[in-house]
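Written out below as structure tokens is the structure these notes cover.
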Amino acid sequence: MKEIYLNWGTLAKTWPEVLQKMQDYENEYEVNPTISLFNTWERVWKVQCEVADFFQARPQDLFFRHNVTVAMNDFLMGVQIPAGDLAMTDLEYGAVANILRLRAERDKRPLHLVQVPVGEELQSADQLIDLILKQLPSSTKLLLVSHVMTGSGLKIPVKELARRTRERGILLAVDGAHGPGATDLKFDELDDVDFYGGNLHKWMRGPKGTGFGWAPKRNHALMRPLMATWTTFETPERFTGFADQEIWCGSMLMSYCLNWSAFYALSDTIKLWQSKGKNKILSELQARRDFVQEQAEKILGFKLLSPRASALQSPLVTFELPKTHVSKNYQIIHELQAQKGVTVSITPLKETFALRFTVHVDLKNEEILEGLNRVRSYFFE
Ligand SMILES: Cc1ncc(COP(=O)(O)O)c(C=O)c1O
């Protein structure tokens, strides 16, 4: 039985061309690891410039991390927040929500949970933003939201939300685990956002262990690195190939012994997106998510949790897990894979669980249909 992968949103399959390059770079690095390491900083900076250019950011406002969880730690634990409260939505990803819980505990600050509805109840971007803002006490100083909600696929209009939070003097930290590659992410339009962490191993299909943080220059002075290393204060001569023009950038660099080949292959990831056409990939993703939603509703008949308003949609399509299967939750992932050769995601959502489908451009409609029919046979036969 051919395996059908319907969970590109947890970890995507890296583009085969990129995987090959990553393996080549890894082997090249090993020929002389000392020289490779010394040459690394200039090369990482070059890659950082390419990634920044793709997302219309200043390279000096980015820093690489292995994933978004680490970048969100840099922000949520490392930023100076004026005296006051913290807030996040009730749809945040558990690991990242825990970072803010830890910060609230460390600072002894109140942490407020903003209720965000799912599915049909959400009709427009304005309604959603008003709903979020009106739940924030006036003492709120920082709000954490995901760009795309892991359990409902809701895409938050971060540009408009950021404009409104900035007006109110609230720092906005965005967990963009599903931002790059699933949305048309352009930082030159997001200047009101205060902190943004992104993953490159999900929708961008870059090497595993690649992600980044971004903060506009006005916020650099608010952050102290969580981890000290060679470039924390000054930039010693052997690191000058890396962004010697701005100290913040150096202070955020992971300047320690490491094989950086995964990050080198981001250069190939970006080139691949450019040659295939970013807009073409994004519109193909949109077409697939529409197909998944339409067919899954027909075939499974579960309650849709993703929004129907197109401005709030992302490539993640989720349904409420039937009550009969809630107690099994994550076990369903293993059973479906073992019994039916289909991989999906089960994600916690408020008091229950969602069944989530995420497909990338490699999948043809026939394969998606076959996958959904196998899911149906798992639940109903
Ligand atoms: C919204 C959200 N935030 C954060 C993460 C964590 O990603 P990572 O484990 O790559 O840091 C995920 C992973 O699925 C996610 O969906």
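The values are calculated or read from the model by the stated rules, or taken from the named source; none is laboratory data. Quick caveat, the model's predicted, so the values are computed rather than measured. A quick note on method: Cβ atoms are made from the backbone with ideal geometry, for glycine too, and the neighbour counts reach across all protein chains shown. We work out accessible area using only protein heavy atoms, side chains counted, and drop any ligands, DNA or RNA first. Shrake-Rupley method; radii C 1.70, N 1.55, O 1.52, S 1.80 Å.
Rounded, prolate or oblate: which fits the stretch 174-239, taking a ≥ b ≥ c as square roots of the Cα gyration tensor eigenvalues, rounded meaning a/c under 1.5, else prolate when a/b beats b/c?
oblate
Please label the shape of the chain as rounded, prolate or oblate, based on the square roots a ≥ b ≥ c of the eigenvalues of the alpha-carbon gyration tensor (a/c under 1.5 means rounded; beyond that, a/b larger than b/c means prolate, else oblate). Numbers along the way, then the final one.
Details: a/c = 1.95, a/b = 1.23, b/c = 1.59.
Oblate.
How far, in nm, would the chain grow between I247 and I35 when pulled straight, counting 0.36 nm per residue and subtracting the alpha carbon separation? Present the calculation step by step, with values, prior to reporting the outcome.
On the way: separation 212, 0.36 × 212 = 76.32 nm, distance 2.46 nm.
Difference between extended and current length: 73.9 nm.
Compute the signed sum of charges (Lys and Arg +1, Asp and Glu -1) over the other residues within less than 15 Å, Cβ to Cβ, of W8.
+4
Residues of the stretch 309-381: accessible area per residue at 1.4 Å, in Å²?
Heavy-atom SASA per residue in the stretch 309-381 reads 43 Å².
Sum -39500 (n - 2.57) across every DSSP H segment of at least 4 residues in the chain, then divide by the residue count to get the 222 nm mean residue ellipticity, nearest 500.
Helix contribution divided over all residues of the chain: -12000 deg cm²/dmol.
So, for the stretch 16-273, what is the accessible surface per residue at a probe of 1.4 Å, expressed in square angstrom?
40 Å²
With charges set only on the Cβ (+1 for Lys and Arg, -1 for Asp and Glu), what does the dipole of the chain come to about its Cα centre, in debye to the nearest 20?
580 debye
With an 8 Å Cα cut-off and a minimum separation of 6 or more residues, compute the relative contact order for the chain in percent.
On the way: 701 pairs, mean separation 96.1, N = 381.
The normalised contact order for the chain reaches 25 percent.
Between R376 and K108, 0.36 nm times their residue separation minus their Cα-Cα distance comes to what?
Numbers: separation 268, 0.36 × 268 = 96.48 nm, distance 4.76 nm.
Roughly 91.7 nm would be gained on extension.
Separation between the E167 and K350 pseudo-spin-labels, each 7 Å from Cα along Cα→Cβ, expressed in nm?
With each label point 7 Å from Cα toward Cβ, the separation is 2.8 nm.
I'd like the projected area of the stretch 94-198, averaged over all directions, using the convex hull of its alpha carbons. Report it in nm² with one decimal.
Orientation-averaged projected area of the Cα hull: 6.6 nm².
Once the Cβ-Cβ distance between T10 and H334 is put in as r, and R0 is 22 Å, what FRET efficiency do you end up with, to the nearest 0.05?
Approximately 0.95, to the nearest 0.05.
Please list the non-local residues whose amide H lies under 5 Å from the amide H of F353, H modeled 1.01 Å from N, same-chain partners needing a gap of 5 or more.
L321
If you roll a 1.4 angstrom probe over the protein chains with everything in place, what fraction of the accessible area of the chain belongs to carbon and sulfur, to the nearest %?
The C+S portion of the solvent-accessible surface of the chain is 52 percent.
Please work out how much length the chain gains when fully extended from H220 to S124, using 0.36 nm per residue of separation minus the C-alpha to C-alpha distance, in nm with one decimal.
Numbers: separation 96, 0.36 × 96 = 34.56 nm, distance 3.32 nm.
This chain segment gains 31.2 nm when fully extended.
Which of rounded, prolate, oblate describes the stretch 236-381, given a ≥ b ≥ c as roots of the alpha-carbon gyration tensor eigenvalues and a/c under 1.5 marking rounded, otherwise prolate only if a/b is larger than b/c?
The shape class here is prolate.
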